[in-house]
Each structure stands twice: as structure tokens, then as C-alpha cells.
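**Q** Please see the structure below; I have some questions.
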Amino acid sequence: MFPEVIIHNTLSLDNAFYGFDIDLEAHYSILTSLAPDAVLVGSDTAKTGVEMFYNPIPAETKSDLKRPEKVPGDTRPVSVIVDSRGKLKGLLHIYRNLEHVRDVIVLVSETTPADYLKYLEEREYPYLMSGYDRVDLKEAVGLLGDTFGFSRIVSDSGGRLNCILIDERIASSLSIIIAPLIAGPDHRRYFEDIDSTADLRLKKTENLKNGLVHLVYDIMK
Ligand SMILES: NC(=O)c1ccc[n+]([C@@H]2O[C@H](COP(=O)([O-])OP(=O)(O)OC[C@H]3O[C@@H](n4cnc5c(N)ncnc54)[C@H](OP(=O)(O)O)[C@@H]3O)[C@@H](O)[C@H]2O)c1
């Protein structure tokens, strides 16, 4: 079955998605409450995260080369990284070692560099191939459902990937935390890559602590 895809973001009131202090506790506690089987992460988001939190990058160890054993009853989500260009080469062990992640899967395309595929295979990272130049996201999400049995995927990515998930109607809802601040003109706007229009239906509003507001919208087909 095609998985349900929910987009989750924290945005400033003026629609920036970076360039301000995101309340990570609120962001991830809402994300966790959505109970995803998998969290979809764009390669730029994944790389930025590593650069932000790891300096220097810890060296890969022997145990990092093995896929983690399945633990019965483990409800942690799998991290699924969209990476047709191999930007995460040499960095994926950071994701494999995150406490809140039970496995790492990579989405690649037919033109993904062979040395990246070799890197993935040598380290037992499962990967799914779809699309020629970039990943065909609709097909890839379908494959994630068929191959791994995921029924709910939450996208924790920036504007570029999430706009495609809206344009292609892969996502069925938006979970947006609005932070009470104006980030100013120096950052990209969340919806600047959108190519379509979409009608939304407001499903939930909730006041969180520190002036944050959580909004949930269904994206109408
Ligand atoms: N505020 C929030 O809630 C939030 C959440 C997450 C991230 N962020 C921030 O967002 C920033 C990164 O956002 P971003 O938008 O630059 O990067 P991103 O979300 O990582 O988006 C880039 C991803 O989109 C894929 N992509 C681009 N065009 C595509 C196409 N035509 N078909 C298929 N896939 C395509 C890329 O794939 P390839 O790798 O294959 O090219 C890449 O994986 C970072 O600063 C991060 O901290 C904010």
C-alpha cells in the first residue's frame, strides 16, 4: 500500500525554514507523536545536520560497517535519505549511530555514482533505485511501502524536497509549527520552489509552549 506521507516543519512567521533557532524539543516531540515508520530526509538537510552538530566528524569504526540487527518490538523510525548524488558518502555512519533511528535506507537514481553505490553495499546500507537523474519520489515512496512495509512516513526536510512532495501530491498533510519570530530577508522562503497550487483543509490548531503554534492541514488532491 502507498504510505501516508506527512510533511513536518518549523517555520518562522515570515516563512523561513532556517536562519533562526528552531525549538528542537518541540519539533521532534511533535514529529515523534506522529509515530512514523520512517523519516524522510533530503541530502542537504542531512548534510547540514551533520555539519551543524559534529565537528570534527567521528571516524567510522568496524562496527559501523554492519547493518544493525533487528530488535523485536523496536518502534524507532528508519531514516530514509534521498541522495542521488552521493553527498552523504563518508557520513552515513553518523545517521546509523543516532539513538532515535533504527536503520538507514538510501534512495538513489539510475545515475547515482557507482562509487557511492559501492560505499553503500560495502556497509550494508539498503538502497532503492528509482528515476533517472533525480530520485522519482512517488515511485520511491511506493517502493518503501512495498519493500519495507512502511505505512506512515514523515518528511523532516527543507523546502526543496517538501515542495516536490506537495507538487506531486505524494504528501497528504502538513504539520507546521509556527515560531513567533520574523527571520528577516536573508533566507530562502519555504514555498519558493512550489510549482502548483493546493487547497488545504485545516485539521488542527494547538498552542504549544513559548508561543509556538502547531497547525495541521490536509492537502486536498
Ligand atoms: N525548519 C524545518 O522544519 C527544517 C526541517 C528540515 C531541514 N531544515 C533546513 O532546511 C535546509 C535544507 O533544505 P533544502 O530545501 O535546501 O534541502 P533538502 O530538504 O535536503 O532538499 C534537497 C533534497 O531534495 C532532493 N531533490 C531536489 N530536487 C529534486 C527533484 N527534482 N526530484 C527528486 N528529488 C529532488 C535532493 O535530492 P538529491 O540529493 O538526489 O539531489 C535532496 O535530497 C537546511 O538548512 C536544514 O537545516 C529545516
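The values are calculated or read from the model by the stated rules, or taken from the named source; none is laboratory data. Keep in mind it's a predicted model, so treat the numbers as computed, not measured. With ideal geometry, Cβ positions are generated from the backbone for all residues, glycine too; neighbour counts draw on all protein chains shown. Heads up: the accessible areas ignore ligands, DNA and RNA and are worked out on the full protein's heavy atoms, side chains in. Shrake-Rupley method; radii C 1.70, N 1.55, O 1.52, S 1.80 Å.
**Q** Quick one: how many residues across region 40-78 are in a helix (DSSP H, G or I), open to solvent by 70 Å² or more (accessible area, probe 1.4 Å) and either hydrophobic (A, V, I, L, M, F, W, C) or more than 16 Å from the ligand (Cβ to nearest atom) (or both)?
**A** 4
**Q** Continuing with the same structure: Residue check: is L88 open to solvent by less than 10 Å² (accessible area, probe 1.4 Å) and part of a loop (DSSP other than H, G, I, E, B)?
**A** yes
**Q** Still on this structure: Looking at E99, E4, which one is surrounded by fewer than 19 Cβ atoms within 10 Å (Cβ to Cβ), more than 13 Å from the ligand (Cβ to nearest atom), free of Cβ contacts under 8 Å to residues at least 40 places away in the same chain and not aliphatic (A, V, I, L, M)?
**A** Exactly one residue qualifies, and that residue is E99.
**Q** Determine whether region 135-144 contains at least one residue that is in a loop (DSSP other than H, G, I, E, B) and surrounded by fewer than 18 Cβ atoms within 10 Å (Cβ to Cβ).
**A** no
**Q** Checking the structure you have, find out if any residue of region 156-164 is farther than 27 Å from T32 by Cα and open to solvent by 70 Å² or more (accessible area, probe 1.4 Å).
**A** no
**Q** Restricting the search to region 190-209, which residues are open to solvent by 70 Å² or more (accessible area, probe 1.4 Å) and in contact with a helix residue (DSSP H, G or I) (Cβ under 8 Å, 6 or more places away or on another chain)?
**A** Scanning region 190-209 gives F191, E192, D195, K209.
**Q** Condition first: β-branched (V, I, T), touching a strand residue (DSSP E or B) at 6+ places or on another chain (Cβ under 8 Å) and closer than 21 Å to E192 by Cβ. Now tell me which residues in region 13-67 satisfy that.
**A** I22, V41
**Q** Being within 12 Å of the ligand (Cβ to nearest atom) and of a type outside the set (D, E, K, R) narrows it down to one residue among T147, T205, T111, T197; which is it?
**A** That would be T111, the only listed residue that is within 12 Å of the ligand (Cβ to nearest atom) and of a type outside the set (D, E, K, R).
**Q** Here's something else I'd like to know. Restricting to region 15-39, give me the number of residues that are surrounded by fewer than 21 Cβ atoms within 10 Å (Cβ to Cβ) and away from the ligand (no atom under 13 Å from the Cβ).
**A** 6
Table: residues versus (1) in a helix (DSSP H, G or I); (2) not acidic (D, E).
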{"residue": "I105", "(1), (2)": "no, yes"}
{"residue": "L117", "(1), (2)": "yes, yes"}
{"residue": "E124", "(1), (2)": "no, no"}
{"residue": "F150", "(1), (2)": "no, yes"}
{"residue": "V154", "(1), (2)": "no, yes"}
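**Q** Looking at region 49-74, which of its residues are touching a residue at least 40 places away in the same chain (Cβ under 8 Å) and within 29 Å of I164 (Cβ to Cβ)?
**A** From region 49-74, those touching a residue at least 40 places away in the same chain (Cβ under 8 Å) are 50, 54, 64-67; that's our starting set.
Answer for region 49-74, where residues must be touching a residue at least 40 places away in the same chain (Cβ under 8 Å) and within 29 Å of I164 (Cβ to Cβ): V50, Y54, R67.
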